[in-house]
Amino acid sequence: MSAVAPLGEPPLGAWAVLIDGLPDATWIVDAHSRRVVADNAAARALLGRRGASLVGLRVDTLIATPEDLAFWDEAHAGPCPPLQSDTTLQSADGRTLHVTRSIRPLHDGAGGTPRHYAVVACDRSAWRRAEDEREQVVAELRATLESTDDGILVTDLAGRIRAFNRRFAQIWGLPAELLQTRQDAAVHDWMRRSVVDGEAYQRRLQAVQEATLLSATERLTLHSGQVLERATQPLWCRGLALGRVYSFRDLSEQLAAQHRIEELSLTDALTGLPNRRQLVEQVARASQRVQREGGGFALLVIDLDRFRHINDSLGHETGDRVLVDVARRVRACMRGDDLLARTGGDQFALLVEGADTAVAEATARRVLDAVGAPCDLGGVPFTLTCSIGGALCPVHGHSADDLVRHAEAAVLTVKEAGRGHYRLQRGPRGGDRRADIQLDHAMRQALAAGHFRLHFQPQVELASGRLVGAEALIRWCDARLGEVAPARFIPVAEDSGFIVALGDWVLAQAVRQCAAWLARGLQVPIAVNVSALQFRQPQFVERVAAVLAGCGLPAPLLELELTESILVRDADEALQRLQALARLGVRLAIDDFGTGYSSLAYLKRFPIGKLKIDRSFVQGLPRDESDRAIVAAILQMAGALGLKVIAEGVETESQRQFLLDSGCHEYQGFLYAPALDCRSFEQRLRRVRGDVRAAPKRPVHLVGG
């Protein structure tokens, strides 16, 4: 119910009754006294005076903004036009309220100067809070958009631009005036003209816009040479499609780094010749061609005689110049289809296409003559000779390993006979096949008899020198064959398929031993190699889960080292399996990185946590320029992808220091320790962790071995 001052004026009573029924806070002010003469319940509630009337209060104690004070000064002096604006007021209980306040004169019907004014206040505090929250959310979203490295573009369903960030304009090189004046059609036309195939780009964009539910990703090549990845998602609100969000990522630097890594991994940095990896690829292609079309080719291994004397007497710089000069001379002996590669410090290999014995021998003689021509570097004359060994495809096999092995055997024969000549390997390789069959049989018998064992090579953190893990490595001592090197029997196991059973045994034994150490208070992650054939087995993930569960080993203590070939053969299936392993908690690493065919795209997609630099890139550190460049590129790429890096085959302090300075995380190799038997590894682990009291007094045997 409204409160009214006892003024006795008939209109005031009527006005009081009228405002009492209004939902908004309302009070009536006498302009002469500037005091409230009537109010309603809504006004008392708004101002926090539920138990007390506003009547008698000065109006400037309710709303005291400069605008209000000026209004009442003017109203006191004479007629004043209505006032309406947003303002704030302080309630009796201390709250600051945002209101829309309007002040209007009340006429008594006599036509005279109005004496009373009605003040109506509509509480807008809730709306103001919602508006502030909305502005905060918008500001946060804007800051998020501007902080990302991706260019963001938001459009409505008709393609009209709703929002974008500065990175979008930078990536596309858009003129500022196009964006400032919101010339949407001109922006879209600029983008179309920037793409190499503008018509195809426009067709794909039209298809995306017509399919409102479609999510899509594609690569765009611009005339500037940039390569962009465009991803688009529909924009939804309350179940309705309102437009599209496009993100543009500049892949140019990543692709350039990938190309550089591939280039470095295929090329010898000193001579610019193909390296061993590229030679292997070329031999594989030539072998496939021979199997498909017939014919043959020759592989000549060229080994420089007494090259070490040049390095020792004239210096390594002169030695490098000699190698470059030899590469130039041998290239002059080649035909157009032949390939010359540098495969070692002072060793080259020449792939002679379409060659039989006569052609191979003629080529070898030309190379001998070219290399043997007098040299004069820096005023020092000398003569260089070489020894050449050759193998023929298909006579000596089809793979690069077979051909190189036979050619190097021929080189050794030439060296023993006095150097400076050539020899082609004689006879087929059937004896090797028979030896492989016998070795495969012996392996199967050895596994059944329990003759295999595991050794563990420590893995060390470079920064601190702490022992942080171990790689499980298989060893085999046969009663008849003696100690058989893994490099001898593992390729045979892979060729016969026995690698699956062998790999399962290694996995089970390594997990069991790791769990046994954990039970004795020694927590150390174990890395286990997984072959491509083993990985592709249908129940491989289930097998890993069962072994972990059976031994009670936490999954993060197991790391599976995979070959790069796993990532590129049936990539979608590999991704599913890797994700399943990651869900188990198992850690994943790429073994011998840089020797296969993995790419940044695969590394980004797959849940890989670590890269292992192959020992072939470590052995030349820190002197070999090619090895330095490859290792630096791998570390830079791994850093960009957030991956750890471990180097294998570290044998010298200078190698360790180079890796540490370059930002490598871990290493393993003979510099710290070779692969140790179970007891020796546990003793070392306890020693470096300061836990010698708990070391068992009895000899420690491999669990289940």
(request) Provide the percentage of antiparallel DSSP beta bridges, counting only those with both residues in the chain; round to the nearest 5. (result) 80 percent
(request) Treat every Asp and Glu Cβ in the range 408-493 as -1 and every Lys and Arg Cβ as +1, leave all other atoms uncharged, and give the resulting dipole magnitude about the Cα centre to the nearest 20 debye. (result) 340 debye
(message) Nearest 10 degrees is fine. How inclined is helix 540-551 to the longest principal axis of the chain, computing both from alpha carbons?
(response) 90 degrees
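In whole percent, how big is the carbon plus sulfur part of the accessible area of the chain, probe 1.4 Å, protein atoms only?
Details: 17940 of 34460 Å².
The nonpolar share, carbon plus sulfur, comes to 52 percent.
Hey, what did the chain get for relative contact order, percent, Cα under 8 Å, at least 6 apart? Provide the component values of the computation, followed by the final result.
On the way: 1175 pairs, mean separation 48.1, N = 705.
The normalised contact order for the chain reaches 7 percent.
May I ask you to give the solvent-accessible area per residue for the range 337-388, in square angstrom, as obtained with a 1.4 angstrom probe? Don't skip to the end; give the middle numbers.
On the way: 1990 Å² over 52 residues.
With the other protein chains kept in place, the range 337-388 gives 38 Å² per residue.
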(request) Skip the ligands, DNA and RNA, and give the accessible area per residue of the range 111-240 with a 1.4 Å probe, whole Å². (result) 60 Å²
(request) Starting from the range 47-99, pick out the trypsin sites (Lys or Arg not before Pro) whose DSSP state is loop and whose Cβ has at most 12 other Cβ atoms within 10 Å. (result) Arg50, Arg95
(message) Using just the Cα positions, wrap the chain in a convex hull and report its mean projected area in square nanometres, one decimal place.
(response) 52.1 nm²
(message) Run the Debye formula on the Cα coordinates of the range 130-238, all scatterers equal and no solvent, and tell me log10 I(q)/I(0) at q = 0.12, 0.15, 0.16, 0.22 1/Å.
(response) -0.46, -0.72, -0.82, -1.48
(request) Using +1 at the Cβ of each Lys and Arg and -1 at the Cβ of each Asp and Glu in the chain, identify which of Pro486, Ala364, Gln183 lies farthest towards the dipole's positive end. (result) Pro486
(request) Please report, largest first and rounded to whole Å, the three semi-axes of the ellipsoid equivalent to the range 506-638, where each semi-axis is the square root of five times an eigenvalue of the C-alpha gyration tensor. (result) 28, 19, 12
(message) Suppose every Lys and Arg Cβ carries +1 and every Asp and Glu Cβ carries -1, with no other charges. What dipole size does the chain come out with about its Cα centre, to the nearest 20 debye?
(response) 1780 debye
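Can you bin the range 182-283 into rounded, prolate or oblate? Criterion: square roots of the alpha carbon gyration tensor eigenvalues sorted a ≥ b ≥ c, rounded for a/c under 1.5, prolate for a/b above b/c, oblate for the rest.
Working: a/c = 3.40, a/b = 2.45, b/c = 1.39.
Prolate, since a/c reaches 1.5 and a/b exceeds b/c.
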(message) If every alpha-carbon in the range 279-389 counts as one equal scatterer, what log10 I(q)/I(0) does Debye give at q = 0.10, 0.15, 0.19, 0.23 1/Å?
(response) -0.32, -0.65, -0.94, -1.26
(request) Of the options Ala589, Gln683, Leu47, report the single residue whose Cα projects farthest towards the positive end of the charge dipole of the chain (beta-carbon charges: Lys, Arg +1; Asp, Glu -1). (result) Gln683
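For the range 502-610, what does the accessible surface come to per residue with a 1.4 Å probe? Please give it in Å². Walk me through the numbers on the way to the answer.
On the way: 4130 Å² over 109 residues.
Solvent-accessible surface per residue comes out at 38 Å².
Compute the relative contact order of the range 63-141 as a whole-number percentage, counting only Cα pairs closer than 8 Å that sit 6 or more residues apart in sequence.
Numbers: 93 pairs, mean separation 17.0, N = 79.
Over the range 63-141, the number comes to 22 percent.
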(message) Given the whole protein assembly as supplied and a 1.4 Å probe, what does the accessible area of Cys551 come to in Å², nearest 10?
(response) 40 Å²
(request) Calculate how steeply helix 316-331 sits against the longest principal axis of the alpha-carbon atoms of the chain, using the helix alpha-carbon long axis, and give the answer as 0 to 90 degrees to the nearest 10. (result) 80 degrees
(message) Compute the distance from the alpha-carbon center of the range 279-336 to that of the range 604-642, in whole Å.
(response) 26 Å
(request) Might you report the magnitude of the Cβ-based charge dipole of the range 139-290 about its Cα centre, with Lys and Arg at +1 and Asp and Glu at -1, to the nearest 20 debye? (result) 280 debye
(message) From Cα pairs below 8 angstrom and at least 6 apart in sequence, can you work out the relative contact order of the range 496-580, rounded to a whole percent?
(response) 34 percent
(request) Taking H placed 1.01 Å from N in the peptide plane, check which residues at least 5 places from Gly420 or on another chain put their amide H under 5 Å from its amide H. (result) Cys386, Ser387
(request) Please work out the Cα center distance from the range 78-154 to the range 219-236, rounded to the nearest Å. (result) 44 Å
(message) Tell me which of Ala139, Pro234, Thr271 sits at the most positive position along the dipole axis of the chain, charges placed on C-beta atoms (Lys, Arg +1; Asp, Glu -1).
(response) Thr271
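The values are calculated or read from the model by the stated rules, or taken from the named source; none is laboratory data. Computed from a predicted structure; not experimentally measured. As a convention, Cβ positions derive from the backbone with ideal geometry for all residues, glycine included, and neighbour counts pool all protein chains shown. What goes into the accessible areas is simple: the full protein's heavy atoms, side chains included, and nothing from ligands, DNA or RNA. Shrake-Rupley method; radii C 1.70, N 1.55, O 1.52, S 1.80 Å.
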